[in-house]
Amino acid sequence: MTVLGFDGIAIGYAKSQGLSALWLGILRSIGSGFGIIGACLYFLIETYSSARKSGLIGLIAQHLALYICIASIWLPGSPFDPVTYFREITFAIWWQQLQNSFIFTNNKNESKTGSNDIDWSTWTSNGHSIISVFTLLMGIAVARLGLYMADLSISQIMQETIPERERNTVFGVQDSVAQFFSVLKDVMTLIVPDPKTFGILIIISVLFVFSGFLCFCYYLFTVTDYKKEKTKLPNNNREKNHKKRSETTLVEVEDFTEENIPRFLDMATAISDKEKKKFTN
């Protein structure tokens with residue numbers, strides 16, 4: 001449940017703040033680059049440590065990067081003003097805005113490259129500061145590093161710890177919950193669709209990410225690492241079996257004396273007679 005991704009919601013907000021399509025594409029490419037770096041870091045950390053530790057590092061990195069997004073709410077150029085919005089909004093105005101959001105409009109005034117609209121000396125686009133929206137999208141791009149690490153870690157932990165016969169059920173429930181929160185994100189955007197209230201959605205998104213971080217920490221503290229248990233159990237069993245075999249061998253050696261030879265021969269004869277009866281019957 002987050003709007004802090006390069007989806008239609010964040011891109012629509014960035015366009016409303018004067019950021020051109022060219023720079024939206026560049027920032028999305030930067031986010032993809034950070035995602036690839038995160039995947040490589042996950043491989044290195046998981047190889048030398050564990051998937052649990054790499055997931056924790058990834059969630060911490062993602063959460064720290066999202067603080068950049070929160071800081072962007074109060075930077076120059078931010079339209080964040082929920083007090084004015086809720087004071088002026090009425091149901092009729094809200095309904096009209098909702099209807100207008102489904103109307104496709106072609107902005108003919110937008111340049112083909114978009115580079116001429118931005119004055120980098122003052123960080124403005126058509127007289128409007130883009131510091132806030134640029135910082136927001138950079139925070140989203142950097143957060144991809146931690147997001148990819150955490151996503152790969154959680155997927156590996158689930159695949160290795162969930163029994164094979166239960167994986168379809170668990171992954172199906174996980175996908176359903178993810179789709180539910182995705183729909184909830186869209187509903188919240190419909191309720192507060194104005195750029196003045198986009199900061200509220202940013203704060204709620206960061207809170208949801210933080211709750212996921214707390215859930216993962218709770219899992220780390222309550223569930224023992226399965227790999228450590230897997231390495232411990234065979235050693236314990238090996239020691240028990242070795243001790244058992246040694247005790248059995250000692251007993252057999254102690255009992256095998258000249259006086260007990262006739263008794264062992266009688267036992268062997270009785271066993272062979274039983275086997276013969278099985279075959280004859």
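Extension gain for Phe208 to Leu44 (0.36 nm times residue separation, less C-alpha to C-alpha distance): 56.3 nm. Ranked by the mean number of other Cβ atoms within 10 Å of their residues, highest first, the peptides 217-224, 15-22, 182-189 fall in the order 15-22, 182-189, 217-224. Based on every Cα atom in region 8-223, Rg and the maximum pairwise Cα distance Dmax equal 19.9, 60 Å.
A simple charge model with +1 on the Cβ of Lys and Arg, -1 on the Cβ of Asp and Glu and nothing else charged puts the dipole of region 162-201 at about 60 debye relative to its Cα centre. Using 0.36 nm per residue and subtracting the Cα-Cα separation, the extra length available between Gln174 and Asp7 on full extension is 58.0 nm.
Across region 78-94, rounded Karplus estimates of 3J(HN,Hα) from the backbone phi angles (6.51 cos²θ - 1.76 cosθ + 1.60, θ = phi - 60°) give 6, x, 4, 7, x, 5, 5, 4, 6, 6, 9, 6, 10, 5, 5, 5, 4 Hz, Gly and Pro being marked x.
Spacing of the modelled spin labels on Val187 and Ser101, each 7 Å from Cα toward Cβ, amounts to 1.4 nm. Fewest-first ordering of Ile93, Ile30 by other beta carbons within 10 Å of each residue's beta carbon gives Ile93, Ile30. Annotation: amide H-H contacts under 5 Å for Asp7 (H modelled 1.01 Å from N, sequence separation of 5 or more, or interchain): none.
The numbers here are math on the coordinates, done by the rules we state, and not lab data. Only a predicted model underlies this, so the values are computations on that prediction, with no experimental measurement involved. Glycine also receives a Cβ, built like all others from the backbone with ideal geometry; neighbour counts cover every protein chain displayed.
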